Every structure is written in structure tokens, then in C-alpha cells.
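Visitor: Quick one: the structure is below, questions incoming.
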Amino acid sequence: MQSVESFVVISLIKSVIAVFVLLTAVAYSVWLERKVVGHIQNRWGPTRVGPFGLLQPLADGIKFLFKEDITPPHVYKTLYIAAPMLSVIFALTSISVIPIGNWVTIAGVHTPLQITDVNIALLIILGVTSMGVYGVALAGWSSNSKYSLLGGLRASAQMVSYEISLGLSLIGVLIMAGSFSLRDIVDSQSGVFWGFIPRWNIFHGQTVAFFVYLMSAFAETNRMPFDLPEAETELVAGYHTEYSAMKFAMFFMAEYANMITVACLATLLFLGGWHGPIWGPAWMQAILPVFWFLAKVFCFLFLYIWIRGTLPRFRYDQLMAFAWKFLFPLAVANLVITGLVVALRS
Amino acid sequence: MLHLALFSIFGAICVAGAVNLLVQRHPINSALSLIAVMASLAVEYLLLGAEFVAAVQVIIYAGAIMVLFVFVIMLLNAGEEERTTGSRVAILFGIPGVLLGGVLVAWTLIQRSGTDEVALGALPGSPTTIGWLLFHDFLLPFEVTSLLILIAIMGAVVLAGKPEAETRQAGKGH
């Protein structure tokens, strides 16, 4: 049994590391996106700052900090300032329950590789991401501009609609694992079929659920082809039209942090988490699970960027019809079939 | 000790949010206070050991229903309320009524304090227990409730939808 002091110290250290790693990952996924989309469009992307433009995120950050922070005169001030903060807070909170590997012992402290291991982790993530829509909606409303308002309205309608199919697509996985704990869900996916196909949920009856999750997750994070809330050809920049400098950067950070959370969740629920081939000496066996986890998250992020560079945007009526008439029935059907199969087997 | 302190703090936030909900003149501020009330209620549930109820409270009330409230306020672009000087009925019956209700609740609580004390987290609150209760012990009431909600939704659709003839005419006109 550990004392309260050591619990507080360990939690603080882990929180600081997690936030630092997440923000660095956010900065470099922006770099990755600019680079990959550049190459897709036959350009080079950032090249000037550092080798391969690697210091570009740093330069961007400094630019955001020193830019003039304009507050338009007609805004509803309290909410206008609070909205980007809410976005970032909710985006960073959801990372706290995500495990990136098994238990480790560092300097005599035996601890899981996540900030806290709670048995309703998945529900916490769903709750926090569902609160995240307030940042966008309030930004759109408090800006007191028609483009922002339209963006905020679109965002809230879209996120409420897609959250249903997102939640339903996860329930199949929950039925298979029999637990809300992300650690238990990952543990339920260990092992292989016929000696080579990993027993990940995506190969184990939840293939449809994975694709429903994939599409709902794209919509939840307002990414192409679902980026109607900030469709620049119609709405200037949507809900963040009136924001500048660091306040704008906060929305940007929140969007990419949400992308990373969604990628982590996909990895944990459908792609077997940190399971993968493990060999070699003890230190490699300790590092490899974390490596596999990060590699899968990277692939998912790459997919995000790839799709952004490939697909055009939906029309708004298509977006709503897709959510309610296609994804939702599909998710329900998957849920019913999974439930039946699990009930018949047990 | 920490539990009690957190419980009191979030209880105070909850009450303050509820009061603020009534005092604020702009509907969006009232909606945001209601979200604060919902969220602190969720923390209270969590502190009492009902983790599943807490998570569902956040997801459904704070995350879905209140988003729709905010959505409607934004869509209708509701402005500030006008304040009236207060009706005579409210002063004559409302305030004594509230006082009487408060005294009754406090009296009941004081009468019952000390009996039937339950330790924190001793009551069933895990997802497994709640699932078992909902889909085994209370299956029929649960299904009947869901049917009632479905009927209410259909009623709302019928009331909100335009009559068919009117829609057709509008279609011809354009």
C-alpha cells in the first residue's frame, strides 16, 4: 500500500509527462500533416526551418505567442475567452485514462503506463469528448458573427449525431471484453488465430464496428471529409473565424489532441493495443509493447492525413443522412448480431 | 475526510449553479449554469461510489441533452429576458411555500439522521450490478419506459412536422 504523498507525487509526474508528450505529439502531427499533404499535392511542405522543416512547429508556436491577440468589439466576452480554454481542457483531459503499455517498475515504483487505471475508463472518455462540443458551440455563438454561428451550429448538430453511432460501435467491443476498463479490453485481444492472425477485435468479429467507429471518429473530430463546421469555402473558417493568435492556436491544439485520443482509442479497442511480436533481451521486451502501441497510433494518424488529402467534403444533408440512415442502423445491426453470437456461445 | 471535503465543495457548486440558473438573465448563461449543476452532480455520484451513474450523467445530461438546449438557444438567437417587478402571487404564496418546503425537508432529515447509515460505496453502483438490475429484475418497467419515450418522440415528430398537403403545395409553388 503506497502512502498519499507518493501517490500524489507519482500522479503529478505522470500527468506532466503525459501532457508534455501529448503536446509534442500534437505539434509534430501538424508538421506531419503539412508534410504528407504537401507530398500528396506534389509540393514539399515545410522545408526551411531545420532539417526537413522539423523545427517548423516551434516557429509556429513562437509566431502564435507573439501575434496580436485581437478581441473583436462585438463579442460576448466571457464566453469568447472561455471557449478555446474549454476546448483544450477537454481535449487534454481525455488522455488521462489512456494506457500506452503494461505495468512497469521504474526506480522501485510499480506503476501502470497511464495516469490512472479506472474501471469506467471508456465511459470517461466518451463523457469528456461529449463535453468537448461546448468549446466549439460557445465559440461560434459568442463570436457574434454569422459565419461563426453557422459553424458552431453545424458542429453541435454533427457531433451529437455522430456520437450515437460512435458509442454504439464501441458496445460490440465491450460485449466481447465484458469490461469498461481499457486494460481489460486490450488483455482480451491477446493471442493469435491459426498461428499468425492476431486476435485483435478488428479480425475478431468487430470489423464492421471498426469502420463505423472510423467514420464516426472522423466526424467527431471535425476532420475531412466531415469538416463542415470550418468549411473554408462557405464559412470563411467556421467557428474560429473571429479568433486570432494563441486563442486560435488553442482550437488547433484541441483538434489535433482529439485526433490523437481517437487514434489511441482505435488502437486500444480494435487493433490490440500494445500486443505485437515481442522478442530479444529484457530491455527490448519492455520497450516493444510501447513501440507497437505508438506505431499503430501513428498508422491511424497517417490514415487521417491521407484521407484529408484524398477526399472532397460532404454536403450537409449528405452528412446528416449518412449518420442517421447508414451508420446508425449499421451500428445497431452490428450490436444485435454481436450480442446474439456472444449469448449463444456462453 | 477528503471525500467529505470534496462532497461539500461540489454540493456547494451544485447549489450555486442552480441559484445562478435562476438569477441570470441571458438564456445561454442559464444553460451553462445548468451544465455546471449536472457536472457537479456527476461528481457527487462518483464520490458516493456510483461510478456508472456518474459517467452516464455526464454523457447523457451534460453531453447530449444540454448540447441540444444550447443548440436551440443558438438557433433561435434568444436574447436577454426582460425583468418584471414580480407578481403578487409569487410574493404571497411562493416565498412562504419555499420556506415551508425547506423547513419540512430539514425537519425530516434531522429526524432520520443517525439511523440507517450506509458507508460510502456500499450501495450497488458498478456497471455489472446496474445492468443486472435493469435487464433482469426490472426488465418489464425498463422496456415499458423505453416504449413510452418512443411514443413521446413520435408525438413530437407528428406535432412538429408540417401537414402533408401544405408541404405539397409549397413544393408546387417553387
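Visitor: When you check A:ALA217 against the structure, is it out of contact with any Cys (no Cβ under 9 Å at 6 or more places or on another chain) and either of a type in the set (D, E, K, R) or crowded, with 24+ Cβ neighbours inside 10 Å (or both), yes or no?
Guide: Yes.
For (1) aliphatic (A, V, I, L, M); (2) closer than 22 Å to A:VAL136 by Cα; (3) touching a Pro at 6+ places or on another chain (Cβ under 8 Å), each residue gets a yes or a no:
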residue	(1), (2), (3)
A:ILE17	yes, no, no
A:THR24	no, no, no
A:LEU32	yes, no, no
A:VAL37	yes, no, no
A:ASN42	no, no, no
A:PHE64	no, yes, no
A:ASP69	no, yes, no
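Visitor: Output the number of the condition that A:TRP292 fails; it satisfies all remaining conditions of (1) of a type outside the set (Gly, Ala, Ser); (2) in contact with a helix residue (DSSP H, G or I) (Cβ under 7 Å, 6 or more places away or on another chain); (3) surrounded by 15 or more Cβ atoms within 10 Å (Cβ to Cβ); (4) over 30 Å from A:ASN42 (Cα atoms).
Guide: (2)
Visitor: Pick out the one residue from A:PHE314, A:PHE226 that is touching a helix residue (DSSP H, G or I) at 6+ places or on another chain (Cβ under 6 Å) and at negative phi.
Guide: When all the criteria are applied, what remains is A:PHE226.
Visitor: Go through region A:228-247 and count every residue that is outside any loop (DSSP other than H, G, I, E, B), crowded, with 19+ Cβ neighbours inside 10 Å and of a type outside the set (Asp, Glu).
Guide: 7
Visitor: Among the helices (runs of 4 or more DSSP H) lying completely within region A:144-227, list those that include at least 1 residues that are out of contact with any Phe, Trp or Tyr (no Cβ under 7 Å at 6 or more places or on another chain) and among the acidic types (Asp, Glu).
Guide: Details: elements: A:146-177, A:182-187, A:207-220.
Once the helices (runs of 4 or more DSSP H) in region A:144-227 are filtered for at least 1 residues that are out of contact with any Phe, Trp or Tyr (no Cβ under 7 Å at 6 or more places or on another chain) and among the acidic types (Asp, Glu), what remains is A:146-177, A:182-187.
Visitor: Sort out which residues of region A:139-166 are of a type outside the set (S, T, N, Q) and more than 8 Å from every other protein chain (Cβ to nearest Cβ), and write them in order of number. Steps first, answer last, please.
Guide: Within region A:139-166, the subset of a type outside the set (S, T, N, Q) is A:139-141, A:146-147, A:149-155, A:157, A:159-160, A:162-164, A:166.
The answer is A:ALA139, A:LYS146, A:TYR147, A:LEU150, A:GLY151, A:ARG154, A:ALA155, A:TYR162, A:ILE164, A:LEU166.
Visitor: Being at positive phi and not hydroxyl-bearing (Ser, Thr, Tyr) narrows it down to one of B:GLY49, B:GLY97, B:GLY102, so name that one.
Guide: B:GLY49
Visitor: So, one more: Inspect region A:115-138 for any residue being of a type outside the set (S, T, N, Q), under 20 Å from the mean Cα position of the chain (by Cα) and away from chain B (no Cβ under 12 Å) and give the result as yes or no.
Guide: Yes: region A:115-138 contains one or more residues that are of a type outside the set (S, T, N, Q), under 20 Å from the mean Cα position of the chain (by Cα) and away from chain B (no Cβ under 12 Å).
Visitor: For residues that are assigned to a helix (DSSP H, G or I), at pLDDT below 85 and among the β-branched types (Val, Ile, Thr), scanning just region A:67-99, find the one that is surrounded by the fewest Cβ atoms within 10 Å (Cβ to Cβ).
Guide: Per the criteria, the residue is A:THR78.
The values are calculated or read from the model by the stated rules, or taken from the named source; none is laboratory data. Treat the numbers as computed from the prediction; the structure is a model and nothing was measured. Every residue, glycine as well, gets a Cβ built from its backbone with ideal geometry; the counts of neighbours run over all protein chains shown.
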